[in-house]
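Just so it is clear, none of the values below were taken in a lab; they were calculated from the coordinates. All values reported here derive from a predicted model rather than from experimental measurement. As a convention, Cβ positions derive from the backbone with ideal geometry for all residues, glycine included, and neighbour counts pool all protein chains shown.
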Amino acid sequence: MLAEFKTFVLRGNVLDLAVGVIIGGAFQKIVNSLVNDIIMPVITLITGGVDFTSHFLALDGGQYADLAAAQAAGTPVLCYGAFITQVIDFLLMAAVIFALVKGMNTLAARTLKRKEKEAAVTQKTCPYCLSKIPLKATRCPCCTSHLEE
């Protein structure tokens, strides 16, 4: 049983998954910091400091000064403000991740195009002696045949 466990753990896909989870956790911290420390303050400035988390609806119909007072009274509350905040956070994080992935895909496409351009055909085959010659050659250096362009 120990040998089976060792075989399972040392398979490539398990190690790849572990590395992916660790990198994902680190990437999540970067995205959270970008959203919470850079983007959210700008949005707060634009919206005039509106804090949706303080918006709630007391289901007993009573009026309470704030969410904490309603919860202290034991009143069931519908915290729609917290939900709106979570939706905004999700949309911001999704937009940031989309922008990062789009940027990485653009960079990868440029790299691929550059590699394809470097690997472009630079030689042709002489139809008479079948030797490789430069594309722009008008005579074959091996058989001296005149080549059509």
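Here's the yes/no breakdown for (1) within 30 Å of Gly24 (Cβ to Cβ); (2) in contact (Cβ under 8 Å) with a residue 24 or more places away in the chain:
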{"residue": "Thr44", "(1), (2)": "yes, no"}
{"residue": "Val50", "(1), (2)": "no, no"}
{"residue": "Val96", "(1), (2)": "yes, yes"}
{"residue": "Ala137", "(1), (2)": "no, no"}
{"residue": "Pro141", "(1), (2)": "no, no"}
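For segment 1-87, list the helices (runs of 4 or more DSSP H) that sit wholly inside it and hold at least 2 residues that are surrounded by 11 or more Cβ atoms within 10 Å (Cβ to Cβ); which are they? Don't jump to the end; show me each part of the working.
Values: elements: 2-9, 12-33, 40-47, 67-72.
Filter on segment 1-87 gives 12-33, 40-47, 67-72.
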> Looking only at segment 98-149, which residues are of a type outside the set (A, V, I, L, M, F, W, C) and at positive phi?
Replying inline: Thr144
> Checking Ile97 against (1) surrounded by 11 or more Cβ atoms within 10 Å (Cβ to Cβ); (2) in contact with a strand residue (DSSP E or B) (Cβ under 6 Å, 6 or more places away or on another chain), which test does it fail?
Replying inline: (2)
> When you go through (1) of a type in the set (A, V, I, L, M); (2) assigned to a strand (DSSP E or B); (3) under 26 Å from Asn36 (Cα atoms) one by one for Ile133, which number turns out not to apply?
Replying inline: (3)
